[in-house]
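Here the structure is laid out as structure tokens; the discussion comes afterwards.
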Amino acid sequence: MSDGRPPKIVVRGLEKSFGRKRVLDGVDIDCAVGESLVIIGGSGTGKSVLVKCILGLLHPEAGAIRIDGVDTVGMRRADRARLMHRFGMLFQGSALFDSLLVWENVAFGLIQGRGMERAKARRIALDKLAAVGLGAEVGELRPAELSGGMQKRVALARAIAAEPEIIFFDEPTTGLDPIMADVINDLIIKIVREMGATAVSITHDMVSARKIADRIAMLHKGKIVWQGPADAIDDSDSPFVDQFVHGRAEGPIQMEVRAV
Amino acid sequence: MIAFLASVGAAFFGFLAATGRLARFALMGLAAGLRPPFYPRLILRQIVYMGYYSLPVVGLTAIFTGMVLALQSYTGFSRFNAESAVATVVVLSVTRELGPVIAGLMVAGRVGAAMAAEIGTMRVTDQIDALTTLSTDPFRYLVLPRLLAGLLTLPLLVLVADIIGVFGGYVVGTYKLGFNPANYLTQTETYLETLDVVSGLVKAGVFGFIVALMGCYHGYHSRGGAEGVGQATTYAVVSASILILLSNYLLTTAFFGK
């Protein structure tokens, strides 16, 4: 996807530890403008931590993160708040606000974050719900009244409501049946293409990764051990990727039994 | 011996670190109110939840406390013919101490626990991170409305608790102990000073702030799913209760200490 333009996201030498456990150990990765980058890796390898560091939800101990060439590590709160306007995030568990109606969830960033008038924000929210295949009547329900797949769709509508430049997807298909997972994958592809957004997804679902990725990177023990075009994943020559893609217990990846 | 001293030192520094984290959290919560956007509807909602819905439990505890106080002081004072002091003891005890302390403890149990559970659940389900990604400061949206509601609501609740508590003493005094109603009211009024009521209301503001702060702090820092949220709820109630009793002593010393 590189077209000579500088990368949208640049991560260099990123390190993050929790106690004595080093989760990110010098991560280097780029994401081009309009590219769909998928980061794969086993559970507990630091995929979510990497995305949370890029979003500014966690503070790395070392390394650099640049968005459009601007260093974001140690950014002032006001600058960080402005930067957040350019991000959208789909959380693994959807993270919908259960005290609010569905349409209020979708419109939340517009009303609270940008001070948009409620009626206008509601119209946009209903449009976004329609874009993910949900009718206006769903907007009047509470998140607890929805199935897991519908909650994911609402979370997707919320992530795109403000038409962000960069969208992060954290395990977008986890916990869904294969058909609903495919529906979500199709929605992600459609929305990212229509909006021209840059997308960073993390997943261990290889079906999803193959479908939504332009490029795939594999994270293992806090380092990127392989990255390349999505269609090169089967010819990676990386024993880590090979073991992960084929789901074998034997190989260089030894699963940690205990979380730290 | 060195190991013992090391553990004492570690505990002391741990206490200092925890105090520092709590103070920083409180300052961040209050500082969030210095910049827009403001959320008056959220503050109002918290005031209604913390105040209006706490009225039954605070009212009930206040009336029974006033009634028991009248009974106990009567049986005690009758031993040295000082029954006439019952009304004065009831009104001073309720306005200075029992009104704010009992209301504070009841609100800590009812509201502080709920705050910790709600914010804790939001933490473990990524809803607080979601707030941040939606350009909304969690301190401004979640913490500040609760701190302000605690600060403003508990004095109003205590004012009501004072009236109900004194009324409870009056009911027992006049209907059960045989005091003349007019004399009881005169005794109640004669020795009551403005400072007695004001000190109780100031205490209430501090207690309300403590309840909200501990609920928000422990909820915000909860970890590890349902068990973590349960722990946060327990910590919020226990720490708020201890801090209420500790600050009550300090405030009493400040107001009435020699």
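Nothing in this text is a laboratory measurement; each read-out follows from the coordinates by a stated rule. Since the model is a prediction, treat every value here as computed from it, not as a measurement. Glycine gets a Cβ as well: all are built from the backbone with ideal geometry, and neighbour counts include every protein chain shown.
Binned at 5 Å from 0, what are the whole-percent values of the Cα-Cα distance distribution for chain B, short to long?
Calculated over all Cα pairs of chain B, the distribution is 1, 6, 12, 15, 15, 13, 11, 8, 7, 5, 4, 2, 1, 0 percent.
One quarter of the convex hull surface, Cα atoms only: what value does that give for segment B:113-227 in nm²? Before the final figure, lay out each step's value.
Values: hull surface 38.8 nm².
Approximately 9.7 nm², given one-decimal rounding.
What are the residues whose amide H is under 5 Å from the amide H of A:ILE224, where those residues sit 5 or more places off or on another chain and H is modelled from the backbone?
Excluding prolines and chain starts, which carry no amide H, the hits are A:ASP28.
In the Gaussian network model of chain A, springs joining C-alpha atoms below 10 Å, which of A:GLU171, A:GLU35, A:GLU140 carries the largest mean-square fluctuation?
Per the Cα network of chain A with a 10 Å cutoff, A:GLU140 tops the list.
Among B:ARG24, B:ARG35, B:ARG123, determine the one that fluctuates most according to a GNM of chain B built with springs between C-alpha atoms less than 10 Å apart.
Comparing B:ARG24, B:ARG35, B:ARG123 in the GNM, the peak value goes to B:ARG35.
For all pairs of alpha-carbon atoms in chain A, what percent lies in each bin of width 10 Å, listed from the first bin to the last filled one?
7, 30, 35, 22, 6, 0
What percent antiparallel are the DSSP beta bridges of the protein assembly as shown, to the nearest 5?
Details: 21 of 39 bridges.
Counting DSSP beta bridges with both partners in the protein assembly as shown, the antiparallel share is about 55 percent.
For chain B, with a Gaussian network of springs between Cα atoms less than 10 Å apart, report the residue from B:VAL237, B:VAL90, B:VAL68 with the top mean-square fluctuation.
Maximum fluctuation in the GNM of chain B, among the listed residues, is at B:VAL68.
Quick one: net charge of B:TYR217's neighbours, Cβ under 15 Å, K/R +1, D/E -1?
On the way: positive: B:ARG21, B:ARG24, B:ARG123, B:ARG146, B:ARG223; negative: B:GLU118.
Its environment carries a net charge of +4.
What do you get for Rg/Rh over segment A:2-70 if you use C-alpha atoms and the Kirkwood form of Rh? Provide the component values of the computation, followed by the final result.
Values: Rg = 12.4 Å, Rh = 12.6 Å.
Over the Cα atoms of segment A:2-70, Rg/Rh equals 0.98.
Across all directions of projection, what mean area in square nanometres is found for the Cα convex hull of segment A:60-203? Walk me through the numbers before you get to the answer.
On the way: hull surface 37.2 nm².
One quarter of the hull surface, i.e. the mean projection, equals 9.3 nm².
When a/c is below 1.5 the answer is rounded, else prolate if a/b is larger than b/c, else oblate, so apply that to segment B:1-153 with a ≥ b ≥ c taken from the square roots of the Cα gyration tensor eigenvalues. Before the final figure, lay out each step's value.
Working: a/c = 3.00, a/b = 1.51, b/c = 1.99.
Oblate shape, in that a/c is at least 1.5 and b/c is the bigger or equal ratio.
Let me know the Kirkwood hydrodynamic radius for segment A:168-260, please, with Cα pairs as the basis and the value in Å to one decimal. Mind showing how you got there, number by number?
Numbers: mean 1/r = 0.0694 Å⁻¹.
Averaging 1/r across every pair of different Cα atoms and inverting gives 14.4 Å.
What list of ³J(HN,Hα) couplings, whole Hz, do you get for segment A:233-242 from phi and the Karplus terms 6.51, -1.76, 1.60, once you set θ to phi - 60° and write x for glycine and proline?
Once θ is set to phi - 60°, the couplings for segment A:233-242 become 5, 7, 10, 7, 6, 10, x, 5, 5, 4 Hz.
In the neighborhood of B:GLU97, defined by Cβ-to-Cβ distances under 12 Å, what is the net charge if each Lys or Arg adds +1 and each Asp or Glu adds -1?
Numbers: positive: B:ARG96, B:LYS203; negative: B:ASP162, B:ASP196.
Residues close to B:GLU97 contribute a combined charge of 0.
Check cross-link reach from A:LYS211 to the lysines: straight Cα distance under 27 Å, and skip same-chain residues fewer than eight apart.
Within reach: A:LYS8, A:LYS47, A:LYS52, A:LYS128, A:LYS152, A:LYS190, A:LYS221, A:LYS223.
How big is the Rg/Rh ratio for segment A:132-188, C-alpha atoms only, Rh by Kirkwood, two decimals? All intermediate terms of the calculation are to be shown ahead of the outcome.
On the way: Rg = 11.4 Å, Rh = 12.0 Å.
In segment A:132-188, Rg relative to Rh is 0.95.
Once both axes come from the Cα atoms, what is the angle between helix B:194-220 and the longest principal axis of chain B, in degrees from 0 to 90, rounded to 10?
Roughly 30 degrees between the two axes.
Ordered by residue, what ³J(HN,Hα) values in Hz, to whole numbers, does segment A:112-121 give under the Karplus form 6.51 cos²θ - 1.76 cosθ + 1.60, where θ = phi - 60° and Gly and Pro are x?
Couplings: 7, x, 10, x, 6, 4, 4, 4, 5, 5 Hz.
Angle check, please: helix A:148-160 long axis (alpha carbons) against the longest principal axis of chain A (alpha carbons), in degrees 0 to 90, nearest 10.
Between the helix axis and the principal axis of chain A, the angle is about 90 degrees.
Can you classify segment A:91-137 as rounded, prolate or oblate using the Cα gyration tensor, where a ≥ b ≥ c are the square roots of its eigenvalues, rounded means a/c under 1.5, and otherwise it's prolate if a/b beats b/c and oblate if not? Spell out each step's value before the answer.
Values: a/c = 1.78, a/b = 1.10, b/c = 1.62.
Oblate is the answer for segment A:91-137, as a/c is 1.5 or above yet b/c matches or exceeds a/b.
Report D for segment A:31-124 in µm² per second (integer): Stokes-Einstein, Kirkwood Rh on Cα pairs, 25 °C, 0.890 mPa s. Numbers along the way, then the final one.
On the way: Rh = 15.7 Å.
My calculation gives 157 µm²/s for D.
In deg cm²/dmol and to the nearest 500, what is the mean residue ellipticity at 222 nm of chain B if only DSSP H runs of at least 4 residues count, each as -39500 (n - 2.57), divided by the residue total?
Only helices count here, giving -26000 deg cm²/dmol.
Over all distinct Cα pairs, what is the inverse of the mean 1/r for the protein assembly as shown, reported as the Kirkwood hydrodynamic radius in Å?
It works out to 26.3 Å.
Tell me the relative contact order for segment B:137-253 as a rounded percent, counting alpha carbon contacts under 8 Å between residues six or more apart.
The normalised contact order for segment B:137-253 reaches 33 percent.
With the cut-off at 13 Å, report for segment B:2-76 the share of all Cα pairs above it, as a whole percent.
81 percent
For chain A, what does the relative contact order come out to in percent, with C-alpha contacts under 8 Å and a separation of six or more?
Values: 482 pairs, mean separation 63.2, N = 260.
24 percent.
Which of the lysines could be linked to B:LYS203 by a straight reach, that is with a Cα gap under 19 Å, when you skip same-chain ones fewer than 8 residues away?
Filter leaves B:LYS258.
Kindly express, to the nearest 10 degrees and within the range 0 to 90, the angle between helix B:113-124's C-alpha long axis and the longest C-alpha principal axis of chain B.
Around 0 degrees separate the two axes.
Determine the sum of side-chain charges near B:TYR53: Lys and Arg each +1, Asp and Glu each -1, restricted to other residues whose C-beta is under 12 angstrom from that of B:TYR53.
Numbers: positive: B:ARG45, B:ARG110; negative: none.
Combined, the nearby Lys, Arg, Asp and Glu give +2.
Given H placed on each backbone N at 1.01 Å, which residues far from A:MET116 in sequence or on other chains put an amide H within less than 5 Å of it?
A:ILE111
Could you grab the relative contact order for segment B:132-206? Cα pairs under 8 Å, six or more apart, rounded to a whole percent. Show your work: numbers first, answer last.
Values: 29 pairs, mean separation 36.5, N = 75.
Dividing the mean separation by the residue count of segment B:132-206 yields 49 percent.
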